[in-house]
Amino acid sequence: MKGKFIVIEGTDCSGKETQTKLIEQRLTEKGLKCMRLSFPMYDTPTGRIIGECYLGRTGQSFFDEKAPNVNPQIAALYYAADRKYNIDKIMSYYNEGYYIILDRYTTSNMAYQGSKILDKDERFYMYQWIDKLEYWLLGLPKPDKTILLHVPYENIMQLLDERDIKDSIEKDSDYLKRSEDAYIELSELYGWDKIECTKDKKLKSIEEINEEIIKLILDDKHNR
């Protein structure tokens, strides 16, 4: 029996890492085979190229214009290559019936590269271009479910202020706002599930958000 691809999406500081770890723990406790993975895979060759050369996480980006200003098609190719390079080891678990919980996927490529384009029609073309590149040309599997964790821009900026080290994307507040807008646009275009992570302008608790995520995943399982 094949498994399921569950993608957790959201902008920086939306809690994806925390939530995907908790999802893995809770599904495992329920007796489901489950593993968590995160893109980019910074500990692999392709991930190191993105982290060090593109984003400048350990020093200076190789791109003088900085990541938010790199041509979106060029940037998209780096991220797509990271998924293609690492997909075989993921598929081995998928084919054994595992729930693969992904912290970012092709959908992140669409949001972050699309957010570089201000014209709506050109941005929509970019979404389609990445969709064709990763799912058709590279043959990557499409997610069974994509869940967007939506944290408003104002809350994101407050959380980023608490970080001592930021990459070139996290330092660009305008780019982060456009990324939030792109994520919302994509969730409507593709019919993703969306969880509002704030209530009355304050962040919900980790546990409250996780309960909503688990309900979405298990309801999908029971309704098949």
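Okay, here's what the table says:
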{"read-out": "Mean separation of Cα contacts under 8 Å, 6 or more apart, over the residue count of the chain: relative contact order %", "value": "30 percent"}
{"read-out": "Order of ILE50, ILE8 - criterion: other Cβ atoms within 10 Å of each residue's Cβ, fewest first", "value": "ILE50, ILE8"}
{"read-out": "Rg in Å to one decimal, and Dmax rounded to a whole Å, for the chain via C-alpha atoms", "value": "16.9, 50"}
{"read-out": "Amide proton proximity set for SER38, modelled H, under 5 Å, gap of 5+", "value": "ASP103"}
{"read-out": "Selection of trypsin sites (Lys or Arg not before Pro), region 85-192, meeting DSSP coil and at most 15 other Cβ within 10 Å", "value": "ARG163, LYS166, LYS171"}
{"read-out": "Karplus (6.51, -1.76, 1.60) ³J(HN,Hα), θ = phi - 60°, over region 34-48, in Hz, Gly and Pro reported as x", "value": "8, 9, 10, 9, 10, 10, x, 8, 5, 8, 10, x, 5, x, 5"}
{"read-out": "Antiparallel %, DSSP beta bridges [both residues in the chain], to 5", "value": "10 percent"}
{"read-out": "Residue order, fewest to most beta carbons within 10 Å, for MET35, MET110, MET157", "value": "MET157, MET35, MET110"}
{"read-out": "Whole-Å distance, taken between Cα centres, linking region 94-126 and region 1-71", "value": "12 Å"}
{"read-out": "Under DSSP loop assignment and at most 14 Cβ neighbours within 10 Å, longest GluC sites (Glu not before Pro)-free interval of the chain", "value": "97-161"}
{"read-out": "Burial ordering of SER179, SER187, SER92, fewest other beta-carbon atoms within 10 Å first", "value": "SER92, SER187, SER179"}
{"read-out": "Per-selection Rg to Rh, region 39-148 - Cα, Kirkwood hydrodynamic radius", "value": "0.98"}
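Each reported figure results from applying straightforward, stated rules to the coordinates on display, with no laboratory input. Here the structure is a predicted model, which means the values were calculated and not measured. Quick reminder, even Gly has a Cβ in these numbers, built from the backbone with ideal geometry, and neighbours come from all protein chains shown.
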